[in-house]
Every structure is written in C-alpha cells, then in structure tokens.
1. So, Ser79, is that one within 21 Å of Ser22 (Cα to Cα) and assigned to a loop (DSSP other than H, G, I, E, B) or not?
2. Can you tell which of Pro106, Pro147 is more than 21 Å from the chain's Cα centre (by Cα), at negative phi and of a type outside the set (S, T, N, Q)?
3. Of the conditions (1) in a loop (DSSP other than H, G, I, E, B); (2) surrounded by 10 or more Cβ atoms within 10 Å (Cβ to Cβ); (3) of a type in the set (D, E, K, R), Arg92 satisfies every one except a single condition; which number is it?
4. Give me the residue from the range 166-190 that is over 15 Å from the mean Cα position of the chain (by Cα), assigned to a loop (DSSP other than H, G, I, E, B) and at pLDDT below 85 and, out of that set, surrounded by the most Cβ atoms within 10 Å (Cβ to Cβ).
5. Given the structure, is Asn99 surrounded by 18 or more Cβ atoms within 10 Å (Cβ to Cβ) and not in a helix (DSSP H, G or I)?
6. Restricting to the range 1-30, give me the number of residues that are among the aliphatic types (A, V, I, L, M) and under 22 Å from Gly108 (Cβ atoms).
7. Kindly provide the set of residues from the range 122-148 that are more than 16 Å from Met167 (Cα to Cα) and exposed (fewer than 14 other Cβ atoms within 10 Å of the Cβ), ordered by number.
8. Select from the range 40-59 the residues that are modelled with pLDDT under 75 and either closer than 21 Å to Leu30 by Cβ or surrounded by fewer than 10 Cβ atoms within 10 Å (Cβ to Cβ) (or both) and list them in ascending order.
Amino acid sequence: MKISTNPPQHLSNYEVLTHFLSLKEDNDQLQADIASYTERAKGKARAAIKLQSDRKAHKVRDQSEEQTKAEEVASRRGSSSDLIWVQDQVIRYLCSDFNATSRQDPDGVARLAKDVQRHGLVKAEVLQICNLAPTKPVELYCIIEEPDSRFQPNPSERLTEIAYDVMSTLADTPHPALAQYSTYRTSYGDAGGEQEGMDGMEEAMVSQEFVHEAEWGAGHEEGVGEEKEDHME
C-alpha cells in the first residue's frame, strides 16, 4: 500500500452534486437488479415446488446471461440504506433554494473560476465564489479578504464586475433534470413540498409556544421550589 503525501484536492459544490447524482444512478440500478433477482428467485422456487394455493403456473421470464450475472453480483453486494439516505440528503441540500448549485452547469463553473482569477484572488476565494455564487457586491465582502485595500483605486467597481461574472453563469431556474430535487422559490413563500412541510411544522411549534404562554403567563409564574411543594401536596 502506498501512502499519498499530495495535498487534498478541493471540489466545488457542482462537482460534489455531479458525483452524488452519478452515485444515485448506480444505487438505483443496484436496487433494481436486487429486486429483479429476488423476484426471479421466487418465481423459480414456485415453478419447482407448486403449492395448492397456486392456481396458475409461474413462468420465469427469459433474459440475457449478462443481465443474470449482473443481478447475481448485485444480490451479493447488497444496498446500504445509510448510504442512500446520505446521498439523498446531500442532493436535496445542494438543490435547495439557498444554494445556486442547481442553476449552474459545468461550463459556467469553469468559466467563472477562470474569469475571477484576473482579480488576483486566492484559490480559497475562487472556490467560495463558485460555491456560494454571490450576485451582490455586499455579499463578496464575506468571501474576499480586505477588498477595499486590495481593489484600489475603485473597489466597488471590481466587486460589481465579479458579481456580474457570477450572474452571467447562473440560469434563472434550476435545470429540468434537478427539478425533482429542488426547493427553489419562484415567489415569496412558494417553495417545494418538503420546504412547505418544514415551514408548517415551525408554525405549529410557534403557535403551541404562544398557547403555553397564554395558559401560564407572567401572572402564574412561581419558583421551582414552590411548584414542587404544591405538586407534593
């Protein structure tokens, strides 16, 4: 075994999303092969051992030898529910409305990383700009260190140029292939189903809190010791 001493390579959010989408395709195919293998095994067992409750003969469908081997390999490998949960959570997070990843494309991310380098940014700042995709100059102050002193004589103009470079690489809406994972807000208060469910749960918790305060209130406040004594009586 060889131990690598090379520094770790940092990936953009779009590269991470692409990797997990590819992983999802592999896991979906793996689960389909496992389900097909299980169904064929049941069919072979029923064809070999006929039960009285079986009114019709079970016939196992024909398929290629390559597909049969693929299903056998998938059955031995099995699928990890934990891995599938992680991949789904990562995809949903990167496609959420507060991330611009679902509105990016490979050419746009590569062009953005190349264009912003003319401003003398370090690699970490370039990566953060590609990941966060800030579209306002004020947002760049959280990413670029000391822009007022580095972008003399007109820092506001340089920041506006970077924000324009970012906007030129973003689509107006998420790409169709990512629409099923996206919770992108088209208008205020309008988002995907999962986001609406979370908002409803938060509203219910707030309403319960107000009900609790209305039942007890400041006039019913008592010390911890007094409350325990009343309860004991």
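The values are calculated or read from the model by the stated rules, or taken from the named source; none is laboratory data. Given the structure is predicted, the values throughout are model-derived calculations rather than measurements. A quick note on method: Cβ atoms are made from the backbone with ideal geometry, for glycine too, and the neighbour counts reach across all protein chains shown.
1. yes
2. Exactly one of Pro106, Pro147 is more than 21 Å from the chain's Cα centre (by Cα), at negative phi and of a type outside the set (S, T, N, Q), namely Pro147.
3. Every condition holds for Arg92 apart from (1).
4. Result: Arg185.
5. Yes.
6. Looking only at that region, the number is 4.
7. Val122, Lys123, Ala124, Cys142, Glu145, Glu146, Asp148
8. Ala48, Ile49, Leu51, Gln52, Ser53, Arg55, Lys56, Ala57, Lys59
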